[in-house]
Amino acid sequence: MAKKIKKVKITQIKSCIGQKEINRRTIRALGFKKLNQTLTKDATPQVLGMINKVIFMLKVEETEK
């Protein structure tokens, strides 16, 4: 059987204005373009590491699919 990949629903709740450059680049690399935008990503170690780096700017929910 195929292994189910967990998904993560992330929403940007804090602006990048006034943040360090590394945090702004991480938000952009996750795919955010606007404030309050919601994205669904696969819960890979790379994505989870990026989320942990800027967790204070995001709202994270685990979804099943």
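The values are calculated or read from the model by the stated rules, or taken from the named source; none is laboratory data. Predicted, not measured: the structure shown is a model, and the values here were computed from it. Note that we place each Cβ from the backbone using ideal geometry, even for glycine, and neighbour counts take in every protein chain shown.
Total residues in the stretch 25-57 satisfying the condition of being of a type in the set (Val, Ile, Thr) and touching a Leu at 6+ places or on another chain (Cβ under 9 Å): the figure is 4. Counting the residues of the stretch 46-65 that are surrounded by fewer than 10 Cβ atoms within 10 Å (Cβ to Cβ) and modelled with pLDDT under 95 gives 3. Residue-level check: of (1) loosely packed, with under 14 Cβ neighbours inside 10 Å; (2) among the hydrophobic types (A, V, I, L, M, F, W, C); (3) in a helix (DSSP H, G or I); (4) touching a residue at least 24 places away in the same chain (Cβ under 8 Å), Ala29 misses just (4).
For Gln46, the requirement of being part of a loop (DSSP other than H, G, I, E, B) and more than 8 Å from the chain's Cα centre (by Cα) is not met. For the structure I just gave you, tell me whether Ile51 is touching a residue at least 40 places away in the same chain (Cβ under 8 Å) and within 8 Å of the chain's Cα centre (by Cα). Judged against the criteria, Ile51 is a match.
Which one is nearest to the chain's Cα centre (by Cα), of the residues in the stretch 1-26 that are in a strand (DSSP E or B) and within 16 Å of Thr63 (Cβ to Cβ)?
Applying the filter and picking the extreme gives Ile10.
Residues in the stretch 32-43 that are touching a residue at least 12 places away in the same chain (Cβ under 8 Å) and either loosely packed, with under 12 Cβ neighbours inside 10 Å or not charged (D, E, K, R) (or both): Phe32, Lys34, Leu35, Asn36, Gln37, Thr38, Leu39, Thr40, Ala43.
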